[in-house]
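Here is the structure we will look at.
The values are calculated or read from the model by the stated rules, or taken from the named source; none is laboratory data. Since the structure is predicted, the reported quantities are computational estimates derived from the model, not experimental observations. No Cβ is skipped: glycine too gets one built from the backbone with ideal geometry, and neighbour counts run over all protein chains shown.
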Amino acid sequence: MRTTLRKAREAIADKPTAEDTRALLGKASRAIDIMVTKGVVHKNTAGRYKSRLARSYRRKLPSSPKPEPAPAEKPDPGKTDL
């Protein structure tokens, strides 16, 4: 498990947008889950490991620009809704 986590961390640091990095994240996540089922790692610890990996991966991705919100329509003062 430690080797799998190390490889995933190194892949994130080197090339976070590559497809093999996503594959290594999935492999690391599965390895962590297997260690939980075998009782090697507590489930909360496993969740923390997986969360930290995913967070570091998301932080390394190039951020996409967020779309501007549409301006809200101002009510016409001459109209009434009666």
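Within the set of pairs 6 or more residues apart or between chains, which connect a residue that is under 14 Å from residue 55 (Cβ atoms) and of a type in the set (A, V, I, L, M) inside the stretch 1-21 to a residue that is assigned to a helix (DSSP H, G or I) and modelled with pLDDT under 85 with Cβ atoms less than 9 Å apart?
Between residues of the stretch 1-21 that are under 14 Å from residue 55 (Cβ atoms) and of a type in the set (A, V, I, L, M) and residues that are assigned to a helix (DSSP H, G or I) and modelled with pLDDT under 85, the close pairs are 12/60; 13/60.
Would you point out the residue of the stretch 22-33, among those that are surrounded by 12 or more Cβ atoms within 10 Å (Cβ to Cβ) and not basic (Lys, Arg), that is farthest from residue 49 (Cα to Cα)?
23
Restricting the search to the stretch 33-49, which residues are outside any helix (DSSP H, G or I) and either of a type in the set (A, V, I, L, M) or touching a residue at least 24 places away in the same chain (Cβ under 8 Å) (or both)?
Residues satisfying the conditions are 40, 41.
Go through 52, 6, 59, 30 for me and flag whichever is over 17 Å from the mean Cα position of the chain (by Cα) and either at pLDDT 90 or above or in a helix (DSSP H, G or I) (or both).
Being over 17 Å from the mean Cα position of the chain (by Cα) and either at pLDDT 90 or above or in a helix (DSSP H, G or I) (or both) holds for just one of 52, 6, 59, 30, which is 6.
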